[in-house]
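The values are calculated or read from the model by the stated rules, or taken from the named source; none is laboratory data. It should be emphasised that the depicted structure is a prediction, and the values quoted were computed from it without experimental measurement. Here the Cβ positions follow ideal geometry from the backbone for every residue, glycine too, while neighbour counts run over all protein chains shown. SASA here: full protein model, heavy atoms, side chains in, ligands and nucleic acids out. Shrake-Rupley method; radii C 1.70, N 1.55, O 1.52, S 1.80 Å.
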Amino acid sequence: MVTSDFEYLAPSTVAEASRLLSKYRGEAKLLAGGHSLIPLMKLRLAEPKYLIDISQVKGLSGIKDERSAIAIGAATTYAEIESSALIRRRFPILAEAAGQIADLQVRNRGTIGGSLAHADPAGDMPAVVLALGAELVALTARGTRTISVDRLNVDLLTTSLRPSEVLTTIRIPNLPARTGAAYKKFENKASHYAVVGVAAVVTMGAGGVCTGARIAVTGAGPKPVRAKRTERILIGKELTPSVIRRAASRAGAEIGDRFNDDIHASSEYRAHLTAVMAERAITEAAARAK
Amino acid sequence: MSYLVTVRVNGVEHTAHIEARLLLVNFLRDVLDLTGTHVGCDTSSCGACTVLVNGQAVKSCTVFAVQANGADVTTVEGLAKDGKFHPVQQAFWDEHGLQCGFCTPGMIMTTVALLKKNPSPTESEIRSGIRGTLCRCTGYNNIVKAVQAAAASGRMP
Ligand SMILES: Cc1cc2nc3c(=O)[nH]c(=O)nc-3n(C[C@H](O)[C@H](O)[C@H](O)COP(=O)(O)OP(=O)(O)OC[C@H]3O[C@@H](n4cnc5c(N)ncnc54)[C@H](O)[C@@H]3O)c2cc1C
Ligand code: FES
Ligand code: FES
């Protein structure tokens, strides 16, 4: 398959990339790992006139310790996340989730920023980053903007990033003491995309009662969502198996009648999987919170 | 648009004028005549097109050749040295890790990358390490044996 022809631009700085993106507004696309965009271009579902390759831009990839947070460059690949000692120590859920994405080859190219910007409804990172309460930094020709991850996902393949914005950094704030995090997915056996995936971040108080929970669901509906009903059931309670099961059974509440229904799974099956994966993720997160 | 690129392939520098949309796999096969790298699915699913770019395994049907400008690429043709098989090639031969051979170049390049990251993988690490490269013939058992034999050969560079 041959894509439409395009002009290839390889800026060396983020500022230059963002300038090019504004200059060719509407006709240009950023190219990071290319593992969502190139397949779309081959199908001619995307035909950008200009491709701005950000994979070589200095300062756009790598993982920095900011003490109260870690900052992951948007062009950091899954392979880099999976093997980072800093991430394994501070946010093992990120390394665990990255290691479950696709395969060795795809993980060498695919980037966390590309995944968040593309917003595939079956993507893994969008859910993990949502549960971790990340803060996103985007750059335009006019300056930078910080976006809470809670405001990122708008709809299927749609985020609140503006067409001229380059996502530069994913900042993950430190978790409170006695917090555990886990990501569980039921994967498509061929692509390894999430049929349903649930990321759970759970904080336990000194008295053995849950004091905080962020649960995010991907694959189930058009976009990743927080399972707020589930979170409210967990908070203030001891996390016994029956409490976890009852909370998990409500993890699809926010998706309502918008469960995906496709060749991979029916909407009924996805609704069922949402509860099952939520129960597994919360159970594991709670065990790690001790 | 035409672009002038220089790519080092199996240690030899090649410079060519190419269209931006030329895929790396087509650059290797059609421009350089290195047809060892295969195209199976052309949709990033099968891994038959796997090559190493700067030492990392990638599906070359999902990378534009312009993105490899200045890079070091290794294909299956670059593995044998002085007429002697690379230990991974030898292991696939010895353990009969192939039948029709269509997936073999990609499988071998995937194995080279896997063993570089993890020189003595368990069976389950092998199976998950090669999961992006599909074989329709062997049922994988002899491929796993070949990877184990290469790891145990003590000859991995
Ligand atoms: C065979 C296969 C299996 C896969 N399996 C999985 C899986 O199991 N789980 C999973 O989560 N994903 C999976 N993926 C998708 C993969 O993770 C993609 O790489 C990822 O979703 C997109 O990242 P990218 O860096 O490749 O982005 P690209 O394809 O380069 O870009 C995607 C979109 O994001 C935009 N973009 C990229 N970077 C930025 C930025 N910094 N700022 C603003 N916009 C940006 C681009 O313009 C483009 O529109 C799979 C892909 C393949 C081919
Ligand atoms: S031909 Fe590239 S992955 Fe199948
Ligand atoms: S040997 Fe035939 S596809 Fe693997």
Selected from A:Val149, A:Val209, A:Val195 as most flexible by GNM, with chain A as the system and alpha-carbon contacts under 10 Å: A:Val209
If you count, for every residue in B:62-71, the Cβ atoms of partner chains within 10 Å of its Cβ, what is the mean? 5
Principal-axis tilt of helix B:104-117 within chain B, Cα atoms, nearest 10 degrees: 80 degrees
In what sequence, highest mean first, do B:73-81, B:41-49 appear when ranked by Cβ atoms within 10 angstrom? B:41-49, B:73-81
Among A:Gly133, A:Gly219, A:Gly256, the residue with the largest mean-square fluctuation in a Gaussian network model of chain A built from Cα contacts under 10 Å is A:Gly256
Shape of the stretch B:35-96, Cα gyration tensor, a/c cut at 1.5: oblate
Select from B:Ala146, B:Ala71, B:Leu22 the residue farthest towards the positive end of the dipole of chain B; place +1 on Cβ of Lys and Arg, -1 on Cβ of Asp and Glu, and compute about the Cα centre. B:Ala146
How large is the dipole of the protein assembly as shown about the Cα centre if only Lys and Arg carry +1 and Asp and Glu carry -1, each at its Cβ, rounded to the nearest 20 debye? 1440 debye
Which pairs break 27 Å Cα to Cα here: A:Lys185/A:Lys290; B:Lys59/B:Lys116; A:Lys185/B:Lys117; A:Lys185/B:Lys145; A:Lys223/B:Lys116? A:Lys185/B:Lys145; A:Lys223/B:Lys116
Extended-chain gain in nm, criterion 0.36 nm per residue less alpha-carbon gap, B:His14 and B:Cys41: 7.1 nm
For the stretch B:2-77, size of Cβ-based charge dipole, Lys and Arg +1, Asp and Glu -1, in debye: 160 debye
Between the stretch B:76-97 and the stretch A:142-166, how far is it from one alpha carbon centroid to the other, in angstrom? 49 Å
Round to a whole angstrom and tell me the spacing of the C-alpha centers of the stretch B:42-75 and the stretch A:180-224. 33 Å
A:Met204: accessible area at probe 1.4 Å, nearest 10 Å²? 20 Å²
Need the list of lysines near A:Lys29 for cross-linking: C-alpha distance under 17 angstrom, and skip anything on the same chain fewer than eight residues off. A:Lys42, A:Lys49
If a/c stays under 1.5 just call it rounded; otherwise compare a/b with b/c (prolate if a/b is bigger, oblate if not). Do that for the stretch A:119-232, with a ≥ b ≥ c from the square roots of the Cα gyration tensor eigenvalues. oblate
If contacts are Cα pairs under 8 angstrom and at least 6 residues apart, what is the relative contact order of chain A in percent? 15 percent
If you average the C-alpha positions of the stretch A:227-281 and of the stretch A:1-67 separately, how far apart do those two centres end up, in angstrom? 36 Å
Note the per residue figure in Å³ for the convex hull of the C-alpha positions in the stretch A:177-226. 74 Å³
Taking springs between alpha-carbon atoms closer than 10 angstrom, which of B:Leu22, B:Leu98, B:Leu134 fluctuates most in the Gaussian network model of chain B? B:Leu22
For helix A:14-23, what angle does its Cα long axis make with the longest principal axis of chain A, in degrees from 0 to 90 and rounded to 10? 70 degrees
Averaged over residues of B:15-26, the number of beta carbons from other chains lying within 10 Å of each residue's Cβ is 3
In 5 Å bins starting at 0, how do the alpha-carbon pair distances of the stretch A:179-289 split up by percent? 2, 15, 26, 24, 15, 10, 5, 2, 0, 0
Using Cα pairs closer than 8 Å and at least 6 residues apart in sequence, work out the relative contact order for the stretch B:87-153, in percent. 54 percent
Rg over Rh [alpha-carbon atoms, Kirkwood Rh] for chain A: 0.98
Rounded to the nearest 10 degrees, the helix B:141-152 long axis (Cα) sits at an angle to the longest Cα principal axis of chain B of 90 degrees
Only Lys, Arg, Asp and Glu count, each charged at its Cβ (+1, +1, -1, -1), so figure out the dipole size of the stretch A:7-53 about its Cα centre, rounded to 20 debye. 140 debye
Accessible surface buried upon A-B contact (total; probe 1.4 Å; Å², nearest 100): 2500 Å²
Descending accessible area (1.4 Å probe), largest on the left, turns A:Arg89, A:Arg246 into A:Arg89, A:Arg246
